[in-house]
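Asker: Quick one: structure below, then a few questions.
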Amino acid sequence: MLTGIRRVAKAGFVGFWRNAYVSIASVFVIMVALFVIGTSMFLDQLLTTSLTQLQQKVDINVYFVPSAPQTDIDAIRSAVEALPDVSAVVYTSREEALSKYRERNQNDEIAMQALAELDDNPLGANIAILANQTSQYESINLFLEEKRDQESAQNPVIDEINYPRNKEAIDTLTDIIDGVEFASLVTMIILILAATLITFNTIRLAIYTAREEISIMRLVGASNMFIRGPFMLQGLMYGLVAGVITLIIFYPIMVYLGPITAAFFEFNIFTYFVSNFSYIFLVLIGSGMALGLVSSTLAVARYLRV
Amino acid sequence: MIYFDNVSKLYNDGRSAALQEVTFQVTPKEFVSIVGHSGAGKTTLLKMIIAEDKPSHGQVFFESLDVHQIPRGKLPRYRRKIGTVFQDFKLLPHKTAYENIAFAMEANGRSDEEIMENVPQALALVDLDDKAWNFPHELSGGEKQRVAIARAIVNQPDIIVADEPTGNLDPIATYEVVQILKKINDLGTTVIMTTHNKGVIDELGRRVITMDEGRIVRDDENGKYVL
């Protein structure tokens, strides 16, 4: 039994080496498949992360009238904080709003001059409200609208709620991301399917050239497992080598794309690649080896019947 | 040790037959030549023995074993009892002469010590000690056939089945191959061989079965090539 395994292993390695041309072709084809799989993984991660980040940026800002009494503002603030849908409320006082405005416009001469002309701080306080989920903004917005309706016309407290303005932009972006995610999913499924089929066929052709050998082995009285074993091992080796090469190729691509994705999506793909390396390693090497093993086993099975 | 009991092989159309009611027996240590025109059924007959082909009627026995009742999983074990030699050699192209012979022993589950001992002996028997590490494409036709014979005998089979072993060889190589088969037979192994070669038959002077259109038409001890 042990000698048998050792012989099968040796035959597998020798076969891999002596049929170098066929081995290289199979390795390349599996590499293409793995490249597609890897790319789809990264793309999916990129899209998911950017969607989450976009959702986190969404909030409702309530701007108060500058003359609003602090007690009324505090009342609204604590009422909002008490809502179960709300995850956080950030309060910005009138003074903070002014200093932020100054900071933002420090290079804008006209704005600074206009500010200097005024005796009083023209800005009101505001609160930024974060909901637990994007879908909850609607109800928070309704609650705030109600509050505003209850106010007396002479002494308004709430100046503006920016939700309706944000809503449209948020919806459009969500739609775009959903669309892109769906389209990329469909494309990737098609590509992965195509790559898998090409791998199957390449390995089948590679083994087709060995069908004569397989029939000779049967005539000499080799058992099916003894014939199949080396081919299965070679399939595994194709997958392993292809996986390693694919990872090596991905590395410089990730180094290059890291800063670009960081600037554009606020998600550094290189950091993701490095921190999830063991997962990516397992997925790529694993699917490569599975692809090689399954294709070669199926291909040999054809010539072992009779 | 080989017994054909009224064996017929019909083709799918149900009318033309490769073998018709063939009955004969081969006893141990015999050297049997089967002659006949192309299409006379010689190769089909040999394929029956190694269970590559199934009869439509009748039975083939190897000792007391009905060859075509052997389950598929047990076939490799059965085939190891038979050494096969073919006109087109059927060597593994990516293995050297030594490895081709060793493969038959590996498939048989022999130990490394046995392989290292027996393969050189088999190569010496066919006089190819110096070509052990050559690949088949580096060997002449006669040399390839001698490797094939070495592979066939290395597991010490009870019987050698040779299908036109000299079909692709020049007269000198033919002579060498026949001498080797004779030597193997003298050492106690049964040999069944098909051939077209009149010279080979006349030189051997052993039992000859003559076939025509799937039937056995002559069966002579110390036969001559008569067609």
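The values are calculated or read from the model by the stated rules, or taken from the named source; none is laboratory data. Nothing here was measured: the structure is a model prediction, and the numbers come from that model. Cβ sites come from the backbone with ideal geometry, for glycine too, and all protein chains shown count toward neighbours.
Asker: State which residue is nearest to residue B:206 (Cα to Cα) when the search covers only region B:1-16 and only residues that are crowded, with 20+ Cβ neighbours inside 10 Å and in contact (Cβ under 8 Å) with a residue 60 or more places away in the chain.
Answerer: Selected residue: B:2.
Asker: How many of the residues making up region B:20-41 are touching a His at 6+ places or on another chain (Cβ under 9 Å) and either crowded, with 21+ Cβ neighbours inside 10 Å or aromatic (Phe, Trp, Tyr) (or both)?
Answerer: Residues that pass the stated criteria total 2.
Asker: While we're on this one: Does any residue of region B:116-127 turn out to be within 11 Å of another protein chain (Cβ to nearest Cβ), surrounded by fewer than 20 Cβ atoms within 10 Å (Cβ to Cβ) and either under 20 Å from residue A:7 (Cβ atoms) or among the aromatic types (Phe, Trp, Tyr) (or both)?
Answerer: No, region B:116-127 has no match at all.
Asker: Can you confirm whether residue B:162 is of a type in the set (A, V, I, L, M), out of contact with any helix residue (DSSP H, G or I) (no Cβ under 6 Å at 6 or more places or on another chain), within 14 Å of chain A (Cβ to nearest Cβ) and not in a helix (DSSP H, G or I)?
Answerer: In short, yes.
Asker: Can I ask one more? Among the candidates A:14, A:65, A:8, which residue alone is buried (at least 18 other Cβ atoms within 10 Å of the Cβ) and among the aliphatic types (A, V, I, L, M)?
Answerer: Within the list A:14, A:65, A:8, the selection yields A:8.
Asker: Give the residue that is surrounded by the fewest Cβ atoms within 10 Å (Cβ to Cβ), with candidates limited to residues of region A:126-140 that are touching a helix residue (DSSP H, G or I) at 6+ places or on another chain (Cβ under 9 Å) and within 14 Å of residue A:61 (Cα to Cα).
Answerer: A:138
Asker: Here are some conditions: (1) more than 14 Å from chain B (Cβ to nearest Cβ); (2) within 20 Å of residue A:23 (Cα to Cα); (3) of a type outside the set (Val, Ile, Thr). Residue A:251 meets all but one. Which one does it not meet?
Answerer: Of (1) more than 14 Å from chain B (Cβ to nearest Cβ); (2) within 20 Å of residue A:23 (Cα to Cα); (3) of a type outside the set (Val, Ile, Thr), only one is false for residue A:251: (2).
Asker: With the checklist (1) over 19 Å from residue A:163 (Cα atoms); (2) in contact with a Pro (Cβ under 9 Å, 6 or more places away or on another chain) in hand, flag the one item residue A:65 doesn't pass.
Answerer: Tallying (1) over 19 Å from residue A:163 (Cα atoms); (2) in contact with a Pro (Cβ under 9 Å, 6 or more places away or on another chain), residue A:65 fails exactly one: (1).
Asker: Quickly run through region B:88-111 and pick out the residues that are more than 8 Å from every other protein chain (Cβ to nearest Cβ) and among the polar types (S, T, N, Q).
Answerer: B:96, B:100
Asker: Among the numbered conditions (1) out of contact with any Leu (no Cβ under 9 Å at 6 or more places or on another chain); (2) farther than 30 Å from residue A:216 by Cβ; (3) of a type in the set (Ser, Thr, Tyr), tell me where residue A:272 comes up short.
Answerer: For residue A:272, the failing item is (1).
Asker: When you look at residue A:230, is it part of a helix (DSSP H, G or I) and surrounded by 21 or more Cβ atoms within 10 Å (Cβ to Cβ), yes or no?
Answerer: Considered against the rule, which asks whether it is part of a helix (DSSP H, G or I) and surrounded by 21 or more Cβ atoms within 10 Å (Cβ to Cβ), residue A:230 comes out as yes.
Asker: Could you count how many residues in region A:188-227 are away from chain B (no Cβ under 12 Å) and either in contact with a strand residue (DSSP E or B) (Cβ under 9 Å, 6 or more places away or on another chain) or within 22 Å of residue A:4 (Cα to Cα) (or both)?
Answerer: Qualifying residue count for the region: 2.
Asker: Out of contact with any helix residue (DSSP H, G or I) (no Cβ under 9 Å at 6 or more places or on another chain) and modelled with pLDDT of 85 or more - does that describe any residue in region A:285-305?
Answerer: no
Asker: Just to confirm my filter: which helices (runs of 4 or more DSSP H) fall fully inside region A:1-95 and include at least 3 residues that are closer than 30 Å to residue A:201 by Cβ?
Answerer: Where helices (runs of 4 or more DSSP H) fall fully within region A:1-95 and carry at least 3 residues being closer than 30 Å to residue A:201 by Cβ, they are A:2-18, A:20-57.
Asker: Which count do you get for residues in region B:54-84 that are touching a strand residue (DSSP E or B) at 6+ places or on another chain (Cβ under 7 Å) and more than 10 Å from chain A (Cβ to nearest Cβ)?
Answerer: Within region B:54-84, residues that are touching a strand residue (DSSP E or B) at 6+ places or on another chain (Cβ under 7 Å) and more than 10 Å from chain A (Cβ to nearest Cβ) number 11.
Asker: Among the residues of region A:100-123, is there at least one that is buried (at least 16 other Cβ atoms within 10 Å of the Cβ) and either touching a strand residue (DSSP E or B) at 6+ places or on another chain (Cβ under 6 Å) or under 17 Å from residue A:160 (Cα atoms) (or both)?
Answerer: Checking region A:100-123: at least one residue is buried (at least 16 other Cβ atoms within 10 Å of the Cβ) and either touching a strand residue (DSSP E or B) at 6+ places or on another chain (Cβ under 6 Å) or under 17 Å from residue A:160 (Cα atoms) (or both).
Asker: Working only within region A:197-221, note down all residues that are touching a residue at least 40 places away in the same chain (Cβ under 8 Å) and in contact with a helix residue (DSSP H, G or I) (Cβ under 6 Å, 6 or more places away or on another chain).
Answerer: Across region A:197-221, the qualifying residues are A:198, A:199, A:200, A:202, A:203, A:204, A:206, A:207, A:211, A:214.
Asker: Continuing with the same structure: Here are A:85, A:74: which of them is assigned by TED's automatic domain parsing to the domain that holds residue A:120, over 14 Å from residue A:156 (Cα atoms), more than 25 Å from the chain's Cα centre (by Cα) and buried (at least 16 other Cβ atoms within 10 Å of the Cβ)?
Answerer: Of the residues listed, the single one that is assigned by TED's automatic domain parsing to the domain that holds residue A:120, over 14 Å from residue A:156 (Cα atoms), more than 25 Å from the chain's Cα centre (by Cα) and buried (at least 16 other Cβ atoms within 10 Å of the Cβ) is A:85.
Asker: Which ones in region B:127-148 are under 21 Å from residue B:113 (Cα atoms) and within 17 Å of the chain's Cα centre (by Cα)?
Answerer: Within region B:127-148, B:147 is the sole residue that qualifies.
Asker: Got a sec? Which of A:293, A:284 is closer than 27 Å to residue A:47 by Cβ and surrounded by 15 or more Cβ atoms within 10 Å (Cβ to Cβ)?
Answerer: Answer to the check: A:284.
Asker: Sticking with this structure for a sec: Given (1) under 25 Å from residue B:186 (Cα atoms); (2) out of contact with any helix residue (DSSP H, G or I) (no Cβ under 8 Å at 6 or more places or on another chain), identify the lone condition not met by residue B:29.
Answerer: For residue B:29, the exception is condition (2).
Asker: If you don't mind, there's one more thing I want to ask. Could you figure out which of (1) of a type outside the set (S, T, N, Q); (2) out of contact with any Ser or Thr (no Cβ under 7 Å at 6 or more places or on another chain); (3) surrounded by 16 or more Cβ atoms within 10 Å (Cβ to Cβ) isn't true of residue B:203?
Answerer: Residue B:203 satisfies all of (1) of a type outside the set (S, T, N, Q); (2) out of contact with any Ser or Thr (no Cβ under 7 Å at 6 or more places or on another chain); (3) surrounded by 16 or more Cβ atoms within 10 Å (Cβ to Cβ) except (3).
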